[in-house]
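To start, the structure under review is shown below, and the notes come after it.
The values are calculated or read from the model by the stated rules, or taken from the named source; none is laboratory data. These numbers come from a predicted model, not from an experiment. Cβ sites come from the backbone with ideal geometry, for glycine too, and all protein chains shown count toward neighbours.
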Amino acid sequence: MALDERPLYDANEPGIFTEDFALIEDAKDSLRHLRNEFIIPTKDDLKNKRYGLAGKTSDYDNCSATSIQPQPCTYLCGNSLGLQPRRTSEYIKKYLDTWASKGVYGHFKELEGGLPPWLHIDDAVKEQTAKIVGALPDEVVVMQTLTANLHFLLASFYQPTKDRYKIIIEGKAFPSDHVSN
């Protein structure tokens, strides 16, 4: 077995299933600081029947020792929205302010502060996406939502036959993914 094929830890070692082990490993994580870039719901947030956060945001590293600390939730949903980045509301507010103050001109007007006109909003994403997929920026298109893209894909390429006419998807897909024409 090559060095990079060996498991990181011995699954037969009971110590790896303890909270202490997890805390020690977390402390070694060089990306640990990125956790604070996201708003992590608390258990109170999840129970709250009103929109918005129930109280403090889940910035556990910055909670005062004298305050009652919120109980963090463990968020494992990686196939949908994921956690909200803290900067999201700041970015969205800039676009809402542009819409409020410029109206339709937000599509074309160059503004100070690094906010691109809406017409060119996908340029930066195309550059970044091209690097990820190993393509040139002019070979990449970022568009719509997953649901819309699935429908475009099916409309373009799905050719049912007498024997092969079913599409199988997971049971808890978004309802719009189940819609057929």
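Annotations
- Across the range 98-105, not a single residue is classified as surrounded by 12 or more Cβ atoms within 10 Å (Cβ to Cβ) and within 30 Å of residue 169 (Cα to Cα).
- On the stretch given as the range 147-181, residues that are not in a loop (DSSP other than H, G, I, E, B) and not polar (S, T, N, Q) total 11.
- Just one residue in the set 77, 63 is modelled with pLDDT under 80 and farther than 30 Å from residue 173 by Cβ; that residue is 63.
- Of the residues in the range 81-91, at least one is under 30 Å from residue 42 (Cα atoms), part of a helix (DSSP H, G or I), free of Cβ contacts under 8 Å to residues at least 12 places away in the same chain and acidic (Asp, Glu).
Yes/no per residue for (1) part of a helix (DSSP H, G or I); (2) in contact with a His (Cβ under 9 Å, 6 or more places away or on another chain); (3) surrounded by 11 or more Cβ atoms within 10 Å (Cβ to Cβ); (4) among the basic types (Lys, Arg):
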residue: 7; (1), (2), (3), (4): no, no, no, no
residue: 11; (1), (2), (3), (4): no, no, no, no
residue: 15; (1), (2), (3), (4): yes, no, no, no
residue: 20; (1), (2), (3), (4): yes, no, no, no
residue: 23; (1), (2), (3), (4): yes, no, no, no
residue: 27; (1), (2), (3), (4): yes, no, no, no
residue: 33; (1), (2), (3), (4): yes, no, no, no
residue: 36; (1), (2), (3), (4): yes, no, yes, no
residue: 51; (1), (2), (3), (4): no, no, no, no
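- Screening 128, 144 for residues that are free of Cβ contacts under 8 Å to residues at least 40 places away in the same chain, part of a helix (DSSP H, G or I) and polar (S, T, N, Q) leaves exactly one candidate, 128.
- Scan of the range 147-178 for residues that are among the aliphatic types (A, V, I, L, M) and either at pLDDT 80 or above or in the same structural domain as residue 81 (by TED's automatic domain parsing) (or both), ordered by number: 148, 150, 153, 154, 155, 167, 168, 169
- Any hit, the range 170-179, residues being among the small types (Gly, Ala, Ser), surrounded by 10 or more Cβ atoms within 10 Å (Cβ to Cβ) and under 30 Å from residue 121 (Cβ atoms): yes
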